[in-house]
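The structure appears below as structure tokens.
The values are calculated or read from the model by the stated rules, or taken from the named source; none is laboratory data. Since we're looking at a predicted model, the values are computed, not measured. Ideal geometry is used to build each Cβ from the backbone, glycine not excepted, and the neighbour counts take in all protein chains shown. Just the protein is used for accessible areas: all its heavy atoms, side chains included, with ligands, DNA and RNA removed. Shrake-Rupley method; radii C 1.70, N 1.55, O 1.52, S 1.80 Å.
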Amino acid sequence: MENSKRILVVGAGAIGGYVGGSLGAAGHDVTFLCRPDTAGMIRKEGLRITGPDSDRKLHPGIVETPVEAFETGDFHLLILAVKRYDTEDAVGPFRPFTARLPPILNLQNGIGAEEDLSAFLSAESIIPGTVTTAVGRPKPNEIVVERYRGVGIAGDHQDAGIWAGELLRAGLGARYFADAKSMKWSKLLTNLMANPLSAILDMSPAEIFSDLRLFRLEMLQLREAIAVMRSLGAGVVDLPGTPVRLLAFCANYLPVSSAKLLLSRALIKGRGSKMPSFHGDLHGKRGKSEVGYLHGAVVREGARLGVPTPVNALLANTLSAMIAGEIEIEKFKHRPDRLLDQLGN
């Protein structure tokens, strides 16, 4: 491919595999840095990406350490696609190679990811990004596109627009946003939905969105987050394939019953019976969760700005205590009344 770029993808999970694999299929020279078990399977069987209209198999480069990666040469882009709680383990080993690092496209969820990265790497080299396409990973070397939406790239890095174009040409539905803060906070609004409640109550998103009491709780947490956004000067923006402004309008201005009537079908279709990431973290007994970077970020910023966030605090604190083993997993299982009682709802 003319103008093919060398790209290093750190993390071969659902998002990393999807974005990196799509760039590889578009003709770029893509290398994945991943854990030994994943590395072995991709080396042996290749990386498969399937969707409603496609089924592709690739054999990308695979490395297990930054040393191995840079032995192959320099790169034009590094894509970071690991969970927030794995950032230090993933990025720390790159410190000896700081002078050789290319721009870094950060696809992590939550608020403060770029600031966290700047503790390890140059802040000027980071390009904020977000993925709205729903992607699954049934096997370490298999990526399934469940609902195509797109990718957002933001910020004032000189190469941000260039890479937005490359992602667009790779079929990823990329869109450039000048305001990174608004893009990241708008994505956070979508990440809040049904995520902690699904884990805490061991209920599917479809069950949560069908229950008027729980739907009200979902709207209340959004209202709090939107109030924090306003105080920060961040606007609500529509993301690729994701009408975030409609979600915010319904949460802020419509009666809960009307918002439920308008939104619940689309939300159920978007999430359905698939359990969100917080559920997998808690019930998979991983001992860690990204809730502190999502709901916890809303609470921290709210406290700093004087914006009350009781619902986000309840959800963040409850799930964190469950992750830490301080609250039994069975306590709230299919018992929303117990959780609602703590808010007086």
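Summary of computed values
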read-out: Translational diffusion of the chain, µm² s⁻¹ [Kirkwood Rh, Cα pairs; Stokes-Einstein; 37 °C; 0.692 mPa s]; value: 158 µm²/s
read-out: Per-peptide average of other Cβ atoms within 10 Å, ordering 254-267, 225-238 highest first; value: 225-238, 254-267
read-out: For the stretch 165-261, radius of gyration divided by Kirkwood radius, i.e. Rg to Rh on alpha-carbons; value: 1.02
read-out: Coil-residue chymotrypsin sites (Phe, Trp or Tyr not before Pro) of the stretch 131-191, DSSP, other Cβ within 10 Å capped at 10; value: none
read-out: The chain - percent relative contact order, Cα under 8 Å, separation 6 or more; value: 15 percent
read-out: Principal-axis tilt of helix 256-271 within the chain, Cα atoms, nearest 10 degrees; value: 30 degrees
read-out: Tilt relative to the chain, helix 310-323 - C-alpha long axis, 0 to 90 degrees, to 10; value: 60 degrees
read-out: Charge context of Val144, other residues only, Cβ under 15 angstrom, K/R +1, D/E -1; value: +4
read-out: Karplus-derived 3J(HN,Hα), 6.51/-1.76/1.60, for each residue of the stretch 74-90, Hz, glycine and proline x; value: 8, 10, 8, 8, 10, 9, 9, 9, 10, 4, 4, 6, 9, 4, 4, 5, 7
read-out: Accessible area expressed per residue, the chain, with surrounding protein chains retained (probe 1.4 Å, Å²); value: 43 Å²
read-out: Gain on full stretching of the segment that runs from Arg223 to Leu254 - 0.36 nm per residue minus C-alpha separation; value: 10.0 nm
read-out: With at most 15 neighbouring Cβ atoms within 10 Å, loop GluC sites (Glu not before Pro) (DSSP) excluded, longest segment of the chain; value: 65-325
read-out: Selection from Val236, Met183, Leu247 lying farthest towards where the dipole of the stretch 151-276 points positive, charges on Cβ; value: Leu247
read-out: Counting all C-alpha pairs of the stretch 37-130, share separated by more than 16 Å (%); value: 62 percent
read-out: Protein accessible area in the stretch 87-190, 1.4 Å probe - carbon and sulfur %; value: 50 percent
read-out: Value of [θ]222 nm, deg cm²/dmol, for the chain, DSSP H segments ≥ 4, -39500 (n - 2.57) each, nearest 500; value: -13500 deg cm²/dmol
read-out: The stretch 155-166 - phi-based ³J(HN,Hα) in whole Hz, Karplus 6.51/-1.76/1.60, Gly and Pro as x; value: x, 9, 4, 4, 9, 4, x, 4, 6, 4, x, 5
read-out: Pairwise FRET efficiency - Lys274 versus His59, Cβ, R0 = 25 Å, nearest 0.05; value: 0.30
read-out: D (Stokes-Einstein, µm²/s), Kirkwood Cα radius, the stretch 262-345, 1.567 mPa s at 4 °C; value: 91 µm²/s
